[in-house]
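Asks: Okay, handing you the structure first.
Just so it is clear, none of the values below were taken in a lab; they were calculated from the coordinates. This one's a predicted model, so the numbers in the text were calculated from it and none came from an experiment. Glycine gets a Cβ as well: all are built from the backbone with ideal geometry, and neighbour counts include every protein chain shown.
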Amino acid sequence: PDVSVVSSSVSGHEGGDISVQCLYSSGCQNEVKRWCRYKDQSCYTVGRTDTSQNPSVQISDDEERRSFTVLMTGLRLTDSGWYFCSAGNKLNLVQLTVIKAGSDKEKDT
């Protein structure tokens, strides 16, 4: 695939942060890398490499390794949902789950 993700499902705690690593093929090297939220059949850009960033979302592109890392900080429960790693028009889906602070949900697994 042109864009792939190291893990297609990530979870973090409310107020904490998560990072997602997205890999891309050489053909996508010069494309804008974006992290966008999938909602109502549309993709809303949350962060991208070519503009000033949303302070809670940082994207760092490592062209040598052909990967970019998305760091989301200060997670809110409303951040839970589906996101895309994208490079140009190539996409890969990631599910983000934000766990309520003080919840022991993750200990049951």
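Asks: Could you identify which residue out of Gln95, Gln41, Gln29 has the top mean-square fluctuation in a GNM of the chain using Cα springs shorter than 10 Å?
Replies: Greatest mean-square fluctuation among the candidates belongs to Gln41.
Asks: In the chain, which Cys residues have no partner Cys with a Cβ closer than 4.7 Å?
Replies: Cys28
Asks: What residue among Asp79, Asp61, Asp50 shows peak mean-square fluctuation when the chain is described by a Gaussian network model with Cα springs under 10 Å?
Replies: Asp50
Asks: Summing +1 for each Lys or Arg and -1 for each Asp or Glu, what net charge is found among the other residues whose Cβ lies under 12 Å from the Cβ of Asn30?
Replies: That sum, taken over residues with Cβ under 12 Å, equals -2.
Asks: Straight-line reach from Lys100: which lysines have Cα under 30 Å away, leaving out those fewer than 8 places along the same chain?
Replies: Lys33, Lys39
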